[in-house]
Each structure stands twice: as C-alpha cells, then as structure tokens.
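Written below as structure tokens is the structure these notes are about.
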Amino acid sequence: MANVLSNLRAPLGAVRNRTRKGRGVGSGLGKTAGKGQKSQKARHPGNFGKLQFQGGQTPIQRRLPKRGFRNPFPNELVAVNVSSLSKRFADGAVVDLDALKGAGLIDKDVARVKILGDGDLERKLTLKVHAISAGARAKIETAGGSVEIIEDPKAADGGTK
C-alpha cells in the first residue's frame with residue numbers, strides 16, 4: 001500500500017529530530033551549545049552571521065573610496081528601436097505604452113519610452129511616446145505614420161528629447 005500518496009513515508013533514518021542546543025549537559029550540546037569557549041562568536045546575540053564582518057578590522061565597504069552619486073529617484077527612458085516596431089505591429093496600429101507592454105517590448109513597470117531609429121519601418125504606425133530620436137521620427141513619417149509626444153509631468157525636460 002506504499003504506492004498510495006496518502007500512505008507515503010520517508011525511509012527509516014531519513015528524518016531526524018531537531019537538535020535543541022543549550023538544554024543541559026546530558027543533551028550533548030549543553031553548556032556552551034557547540035560554540036566552544038570564549039570568543040566574539042560565542043557571545044550573546046546568537047549566531048554571528050554578519051555578512052560584512054571581517055574580524056573587527058575596518059570592513060572593505062568603508063575602506064574603499066566613495067565616488068559619484070546615485071539618484072534614488074531615477075527618471076529613466078527605455079529605448080525601443082523602429083525595427084522591433086515593424087516586426088510586432090500591424091499596418092495602421094496605434095503604439096502606446098500599453099501596446100508596447102502587450103507586445104513584450106518593454107517591462108510592466110516601465111513608465112517612459114524613447115523610440116530610436118535603428119532598422120527599417122515599412123508600416124504606417126501612430127506612436128504615442130515620451131521621446132523620439134530625429135532619425136526615428138523621419139522614418140515613421142516617411143512610412144506615412146505620425147508621432148505624438150506624451151507630456152510627462154514628472155520629467156524635468158518635458159519628454160521632448
């Protein structure tokens with residue numbers, strides 16, 4: 001009857017009881033609870049699992065020089081090429097953020113898009129994006145499409161680049 005899912009059991013010896021450290025000398029892991037005698041790792045706060053700890057010397061993240069600045073609130077544009085638009089959208093389609101997300105060209109959390117002019121475009125598309133390069137605009141307009149720039153209130157430059 002072991003082939004029934006409700007009757008499956010682990011083989012003998014596979015499951016062991018949890019070791020309870022520091023529960024008396026008779027348990028085998030009493031007194032110092034397997035931490036040896038005195039040291040910084042044997043003291044009170046439990047297991048000493050600090051990832052950056054280097055034995056008391058100045059850690060490497062404090063020794064190395066700090067350079068530059070990382071903006072905690074980046075306002076980044078995600079680039080999409082004209083060639084990928086030509087492959088994914090039909091003639092006369094309206095391409096906006098939701099359409100780009102649905103086609104898998106940008107991630108779900110992307111907020112701003114810039115169209116770049118790499119590749120060829122044979123289809124007439126209507127684009128609603130935050131920014132576009134001059135080459136991409138020329139290719140879209142020669143194919144018979146149009147470009148509408150979305151004004152982004154969070155963007156410092158208004159999204160016209």
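The values are calculated or read from the model by the stated rules, or taken from the named source; none is laboratory data. This structure is a prediction, so every number in the text was calculated from the model and none was measured. Backbone-built Cβ (ideal geometry, glycine too); neighbour counts: all protein chains shown.
Observations on the model:
- Selection count where residues are without any contact (Cβ under 8 Å) to a residue 24 or more places away in the chain and either more than 18 Å from the chain's Cα centre (by Cα) or not in a loop (DSSP other than H, G, I, E, B) (or both), scope segment 101-124: 3
- Single condition E76 does not satisfy, out of (1) under 30 Å from H130 (Cα atoms); (2) free of Cβ contacts under 8 Å to residues at least 24 places away in the same chain: (2)
- If the condition is being modelled with pLDDT of 60 or more and under 27 Å from the mean Cα position of the chain (by Cα), then segment 134-161 contributes I150, E151, D152, P153, K154.
- Among (1) in contact (Cβ under 8 Å) with a residue 12 or more places away in the chain; (2) in a helix (DSSP H, G or I), the one test that E141 misses: (1)
- Test: T19 is among the hydroxyl-bearing types (S, T, Y), farther than 30 Å from G56 by Cα and at pLDDT 85 or above: yes
- Selection status of D96, of a type outside the set (S, T, Y), out of contact with any strand residue (DSSP E or B) (no Cβ under 7 Å at 6 or more places or on another chain) and either at pLDDT 90 or above or surrounded by 15 or more Cβ atoms within 10 Å (Cβ to Cβ) (or both): no
- Put simply, of N71, N75 the only residue that is within 30 Å of R112 (Cα to Cα), out of contact with any strand residue (DSSP E or B) (no Cβ under 6 Å at 6 or more places or on another chain) and surrounded by 10 or more Cβ atoms within 10 Å (Cβ to Cβ) is N75.
- Matching residues in segment 65-100 - criterion: being in a helix (DSSP H, G or I) and on the phi > 0 side of the Ramachandran plot: none
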